[in-house]
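A.B. asks: Following this message is one structure expressed as structure tokens.
The values are calculated or read from the model by the stated rules, or taken from the named source; none is laboratory data. Keep in mind that what you see is a predicted model, and the values were worked out from it rather than measured. Cβ placement follows ideal geometry from the backbone for every residue including glycine, while neighbour counts extend to all protein chains displayed. Each accessible area value is taken on the protein alone, full model and side chains, heavy atoms only, with ligands, DNA and RNA left out. Shrake-Rupley method; radii C 1.70, N 1.55, O 1.52, S 1.80 Å.
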Amino acid sequence: PTQCDNWVRTSNGGHFASPNYPNMYPPNQECIYILEAAPRQRIELSFDEPYYIEPSFECRFDHLEVRDGPFGFSPLINRYCGLKSPALIRSTGRFMWIKFTSDEELEGKGFQAKYSFIPDPDFTYLGGILNPIPDCQFELSGADGIVRSSQVEQEGKTKPGQAVDCIWTIKATPNAKIYLRFLDYQMEHSNECKRNFVAVYDGSSSIENLKAKFCSTVANDVMLQTGTGVVRMWADEGSRLSRFRMLFTSFVDPPCSGNTYFCHSNMCINNSLVCNGIQNCAYPWDENHCREKKKTGLFEQITKTHGTIIGITSGIVLVLLIISILVQVKQPRKKVMACKTAFNKTGFQEVFDPPHYELFSLRDKEISADLADLSEELENYQKMRRPSTASRCIHDHHCGSQASNIKQSRTNLSSMELPFRNDFAQPQPMK
């Protein structure tokens, strides 16, 4: 914020005035004053005489604007102008935002204001003394470090259910500045700065040194121009889940000396921060190509050897598994025949093969049947003759005559069979 003329600050208050007071203030001026009291205190603002600001309807031209809070969007207390000085003004909190504006015409003597701090009447008193303010302050220093809100609960700086108002003071290395980068950030009530926020100050915790204030969903990196940084977190009773974690790094401006590393972003950090597993530069130059720079120790060598053995073994197992899968795929599959009903070969043959026909006449068929019957009767006749002939040979003793007769009968029978065989010879095949 722009400040005009002198501003006197003391532990109990101070005073400020319009430019050139008690003479005429210049045209086209815009002066902003932000007053901040200690926790559990309020601000009282009074005006001295002479007092004169160009009068106008609703103070649209030259005017003095007072707001109840630390921002230009804080609740408006009133706008003041004219010939009569305002009455005593009190804040409802720790902050008061004041802006003096003048246009290009009709200047006046301006004003001089005095402010002081009074106890907040909303807090109770014990024996006429204000309740002690909880000590919630932390200090960090060195080449780098972590600022974290979880430290408040771990060290018991505030009780459960109470509001959090804590300050971290960071001291850089000699002749160095501070770079801040958020690693974790979450506000329980986003965009409600009155309920929770994280503020960053450059040099001291005075309100005029406010560098950035975050209460939305995003928190950006902050480059401080001094070697002292102040981080403040405020969270009311209903915003205790708000949290943040921030990395601070000490750096110097280029050119970089022998014990520093150039970050390619107009900053040089200590060589001890290179390849430490944390990004200390604004861009991750300090963590690039770190594997080649690190010297492997005994543990890392053992780990690397075991890792190589495990990798080779896993590769062999994988190759064998692939080969077994390929063998199983290429191996011929076993055929499983399902049990079927009996196959009717005759019906199948009749369907696919034409029937075979033999060519012969009806007369041949009848003669063949008769011949079969005659052969059968002849065999029966011979069986009957054999036992009868033998018996006559034994009793009558003239088997020779019977044998001759038998021979003659056999000759006659053979002569009878010949014509049948000749007659029933197989016929010639037909063309």
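A.B. asks: When residues of the stretch 171-199 are filtered for being surrounded by fewer than 17 Cβ atoms within 10 Å (Cβ to Cβ) and farther than 30 Å from ALA143 by Cβ, how many remain?
C.D. replies: 5
A.B. asks: Check the stretch 291-306 and report whether any residue there is under 30 Å from PHE138 (Cα atoms) and either modelled with pLDDT of 90 or more or outside the structural domain of VAL147 (by the TED database) (or both).
C.D. replies: The answer is no, given that none of the residues of the stretch 291-306 is under 30 Å from PHE138 (Cα atoms) and either modelled with pLDDT of 90 or more or outside the structural domain of VAL147 (by the TED database) (or both).
A.B. asks: State which residue pairs qualify: first residue of a type in the set (Val, Ile, Thr) and inside the stretch 7-27, second residue open to solvent by 10 Å² or more (accessible area, probe 1.4 Å) and not in a loop (DSSP other than H, G, I, E, B) in any location, beta carbons under 9 Å apart, and separation of 6 or more residues or different chains.
C.D. replies: Pairs that qualify, where the first residue is of a type in the set (Val, Ile, Thr) and the partner is open to solvent by 10 Å² or more (accessible area, probe 1.4 Å) and not in a loop (DSSP other than H, G, I, E, B), are VAL8/GLY14; VAL8/HIS15.
A.B. asks: Within the stretch 224-231, identify whether any single residue is of a type outside the set (S, T, N, Q), open to solvent by 50 Å² or more (accessible area, probe 1.4 Å) and at negative phi, and answer yes or no.
C.D. replies: No, the stretch 224-231 has no match at all.
A.B. asks: Out of (1) over 28 Å from ASP236 (Cα atoms); (2) surrounded by 17 or more Cβ atoms within 10 Å (Cβ to Cβ); (3) free of Cβ contacts under 8 Å to residues at least 40 places away in the same chain, the odd one out for ILE77 is which?
C.D. replies: Among (1) over 28 Å from ASP236 (Cα atoms); (2) surrounded by 17 or more Cβ atoms within 10 Å (Cβ to Cβ); (3) free of Cβ contacts under 8 Å to residues at least 40 places away in the same chain, ILE77 violates only (1).
A.B. asks: List every residue pair whose Cβ atoms lie under 6 Å apart, where the two residues are 6 or more positions apart in sequence or sit on different chains, the first residue falls within the stretch 263-288 and is in contact (Cβ under 8 Å) with a residue 24 or more places away in the chain and within 19 Å of ARG245 (Cα to Cα), and the second residue, located anywhere, is among the β-branched types (Val, Ile, Thr) and buried (at least 17 other Cβ atoms within 10 Å of the Cβ).
C.D. replies: These pairs meet every condition: ASN280/THR249; ASN280/ILE269.
A.B. asks: Identify the single condition in (1) buried (at least 18 other Cβ atoms within 10 Å of the Cβ); (2) of a type in the set (A, V, I, L, M); (3) more than 27 Å from the chain's Cα centre (by Cα); (4) modelled with pLDDT of 90 or more that ALA212 does not satisfy, given that it satisfies every other one.
C.D. replies: Tallying (1) buried (at least 18 other Cβ atoms within 10 Å of the Cβ); (2) of a type in the set (A, V, I, L, M); (3) more than 27 Å from the chain's Cα centre (by Cα); (4) modelled with pLDDT of 90 or more, ALA212 fails exactly one: (1).
A.B. asks: Here's another thing I want to ask about it. Tally the residues that are open to solvent by 20 Å² or more (accessible area, probe 1.4 Å), at pLDDT 85 or above and within 22 Å of GLY93 (Cα to Cα), restricting the search to the stretch 1-33.
C.D. replies: Total meeting the criteria: 2.
A.B. asks: Considering each residue of the stretch 242-266, count those that are at positive phi and of a type in the set (Val, Ile, Thr), and give that number.
C.D. replies: So the count comes out to 0.
A.B. asks: Pick from the stretch 236-293 the residues that are charged (D, E, K, R) and part of a strand (DSSP E or B): which of them is surrounded by the most Cβ atoms within 10 Å (Cβ to Cβ)?
C.D. replies: ARG243
A.B. asks: In the stretch 80-93, which residues are open to solvent by 40 Å² or more (accessible area, probe 1.4 Å) and assigned to a loop (DSSP other than H, G, I, E, B)?
C.D. replies: LEU83, LYS84, ALA87, LEU88, THR92
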